[in-house]
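Beneath this line is the structure, given in structure tokens, with notes to follow.
The values are calculated or read from the model by the stated rules, or taken from the named source; none is laboratory data. All figures in this text were calculated on a predicted structure; none of them were measured in a lab. Cβ coordinates were reconstructed from backbone atoms using ideal geometry, including for glycine residues, and neighbour counts include every protein chain displayed.
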Amino acid sequence: MLRILSWIMGLALIALVLFLFFGGQFFQKAGNALINAINGSAVHGLAQVVPSTAGNTSDIQVNLQGLSPVSRYDVTLDENTCGGTIVQDLGIVTTDTDGNVTATFTVPDVSQYAQQTLWVDVHQGTTSSTQSTACGQVQLNSSATSQVNLSNSTGSTNSSTSSSTNSNGVPSGVSNTGGDNSDSTPGHIGLPNSGVAPGGSNSYDNYTFPRKY
């Protein structure tokens, strides 16, 4: 019985490790693009990037509204800017009677272009040479995670810089000679320094020679 239980626990542990490893890769390669109208159109929609379980291809699921009814549009994946170099011609979509369309395209792994920005470009006609009517930048989860880590790193640096100043706003390790001149001896409450030297043997003593009025 103990042996069977040990086998089950071992298999469960292996499954958990595989899930965390491949699940993390799946999440990093997924993403989306919010598609907005350009050139005076009313097109809008969303494109989602879903990596395959094998990891060598990506499905781009496009959902568009505001197109002309029963019309054909070419959809491309552009590099660095909308209307830039075409990385992949995804294909042609045909709208329904309401001017809406939903389509899925399978392309090589999109994450291989992570060093560049990618744009989903919807063209007015059936070829990529026609005018763009809507565009949206692809945001992969791997890129978003990098930005969050960079932001946290910058915040930690700013916090470290702020903590290097004392309560008077003077950097640590620098004496405050122009601010609080009170006696800093612990437990002693001193008066402000008037700048006048203490009396010496030639100073007037009011107790020895009291003034007469």
Notebook entry, point to check: Can you tell me how many residues in the range 112-133 are in contact (Cβ under 8 Å) with a residue 60 or more places away in the chain and touching a Cys at 6+ places or on another chain (Cβ under 9 Å)?
Noted result: 4
Next item on the list: Would you check if there is a residue in the range 59-81 being part of a loop (DSSP other than H, G, I, E, B), under 27 Å from the mean Cα position of the chain (by Cα) and touching a residue at least 40 places away in the same chain (Cβ under 8 Å)?
Entry: no
Note to self: For the range 82-116, which positions are closer than 21 Å to Ala37 by Cβ, in a loop (DSSP other than H, G, I, E, B) and out of contact with any Gly (no Cβ under 7 Å at 6 or more places or on another chain)?
What the structure shows: Cys82, Gly83, Gly84, Thr95, Asp96, Thr97, Asp98, Asn100
Item checked: Complete set of residues in the range 55-65 that are modelled with pLDDT of 95 or more and of a type in the set (Val, Ile, Thr) -> Val62
Notebook entry, point to check: Being touching a helix residue (DSSP H, G or I) at 6+ places or on another chain (Cβ under 9 Å), at pLDDT 90 or above and either closer than 22 Å to Gln131 by Cα or of a type in the set (D, E, K, R) (or both), is that true of even one residue in the range 46-54?
Noted result: no
Check: Failed condition for Gln124, given (1) out of contact with any strand residue (DSSP E or B) (no Cβ under 7 Å at 6 or more places or on another chain); (2) at pLDDT below 95, with all others met?
Finding: (1)
